[in-house]
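Heads up: the structure comes next, in structure tokens.
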Amino acid sequence: MTIALYLRNEAGRLGVPLKSSFARWIDAIPELRRRKVEVNILIVDAKEGRRYNRDFRGKDYATNVLSFPYLPLPGEKTGALGDLVICAAVVAREAAEQGKRVRDHYAHLTIHGALHLLGYDHEAEAHAVRMEALERRILRGFGIADPY
């Protein structure tokens, strides 16, 4: 595996997958295969999720995943992709509302967030179609149903 993953869980263990699961999900992204990359994942509660979303996006509510791409200095060679902040309470609530397994939702959001670190977005329809198709293909490889 080529992923150096740092996982910090501040939300409690209940329902949060193991570090090895997060690493496998990120490693399944085709653009990252055979590349040495570093990703930091922070699992937070609803209060912290709301604070991060408010402070960095100006939205005063907890969201499921936030992505903070690493911006290297000019000429810097690094495998650092960036940081993901995942709100455990939102993941659990959304999974229940959508009839999904919590673990499957974590897989989707981890892949979704990592794609944002790589520069993917879903602001324009064409970009959303491309990003969602890639997410579906990666998730299918883990036996996870279409999240959309």
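All but one of (1) surrounded by fewer than 17 Cβ atoms within 10 Å (Cβ to Cβ); (2) in contact with an Asp or Glu (Cβ under 9 Å, 6 or more places away or on another chain); (3) of a type in the set (Ser, Thr, Tyr) hold for Ser67; state the number of the condition that does not hold.
(1)
Can you pull out the residues in the range 102-136 that are surrounded by fewer than 12 Cβ atoms within 10 Å (Cβ to Cβ) and charged (D, E, K, R)?
Within the range 102-136, Glu123, Glu125 qualify.
From (1) modelled with pLDDT of 95 or more; (2) charged (D, E, K, R); (3) surrounded by fewer than 17 Cβ atoms within 10 Å (Cβ to Cβ), pick out the condition that doesn't hold for Arg34.
(1)
For Asn64, indicate whether it is within 15 Å of the chain's Cα centre (by Cα) and farther than 25 Å from Ile3 by Cα. Reasoning before the result, please.
On the way: within 15 Å of the chain's Cα centre (by Cα): yes; farther than 25 Å from Ile3 by Cα: no.
Taking the combined requirement at face value, the residue does not satisfy it.
In the range 76-89, is there at least one residue being charged (D, E, K, R), farther than 26 Å from Leu18 by Cα and surrounded by 12 or more Cβ atoms within 10 Å (Cβ to Cβ)? Quick ask: steps written out before the conclusion?
Narrowing the range 76-89 to residues charged (D, E, K, R): 76-77, 83.
Retained after the next criterion (residues that are farther than 26 Å from Leu18 by Cα): 76-77.
Keeping just the survivors that are surrounded by 12 or more Cβ atoms within 10 Å (Cβ to Cβ) gives none.
Checked against the condition, which is being charged (D, E, K, R), farther than 26 Å from Leu18 by Cα and surrounded by 12 or more Cβ atoms within 10 Å (Cβ to Cβ), the range 76-89 yields no hits at all.
Would you pick out the residues in the range 12-38 that are in a helix (DSSP H, G or I) and more than 15 Å from Cys87 (Cα to Cα)?
Selection gives Lys19, Ser20, Ser21, Ala23, Arg24, Trp25, Ile26, Asp27, Pro30, Glu31, Leu32.
For the range 45-64, enumerate the residues that are part of a loop (DSSP other than H, G, I, E, B), in contact (Cβ under 8 Å) with a residue 12 or more places away in the chain and surrounded by fewer than 19 Cβ atoms within 10 Å (Cβ to Cβ).
Within the range 45-64, the first condition is being part of a loop (DSSP other than H, G, I, E, B), and the residues that meet it are 45, 58-64.
Add one more test, that the residue is in contact (Cβ under 8 Å) with a residue 12 or more places away in the chain, and what stays is 45, 62-64.
Passing the criteria: Asp45, Thr63.
Name every residue in the range 107-145 that is small (Gly, Ala, Ser) and more than 19 Å from Ile86 (Cα to Cα), in order of residue number.
Within the range 107-145, Ala124, Ala126, Ala128, Ala133, Gly141, Gly143, Ala145 qualify.
Out of Arg24, Arg101, Arg33, report the one residue that is under 13 Å from the mean Cα position of the chain (by Cα), closer than 26 Å to Gly141 by Cβ and basic (Lys, Arg).
On the way: Arg101 fails: under 13 Å from the mean Cα position of the chain (by Cα); Arg33 fails: under 13 Å from the mean Cα position of the chain (by Cα).
Residue meeting the stated conditions: Arg24.
Take Asn40 and decide whether it is crowded, with 18+ Cβ neighbours inside 10 Å, among the polar types (S, T, N, Q) and either farther than 22 Å from Arg13 by Cα or touching a residue at least 24 places away in the same chain (Cβ under 8 Å) (or both).
Against the criterion (crowded, with 18+ Cβ neighbours inside 10 Å, among the polar types (S, T, N, Q) and either farther than 22 Å from Arg13 by Cα or touching a residue at least 24 places away in the same chain (Cβ under 8 Å) (or both)), Asn40 does not qualify.
Are any of the residues in the range 73-96 within 9 Å of the chain's Cα centre (by Cα) and free of Cβ contacts under 8 Å to residues at least 40 places away in the same chain?
Within the range 73-96, none of the residues are within 9 Å of the chain's Cα centre (by Cα) and free of Cβ contacts under 8 Å to residues at least 40 places away in the same chain.
The values are calculated or read from the model by the stated rules, or taken from the named source; none is laboratory data. Owing to the predicted nature of the structure, the values given are computational and were not obtained by experimental measurement. Because the Cβ atoms are built from the backbone with ideal geometry, glycine has one as well, and the counts that use them run over all protein chains shown.
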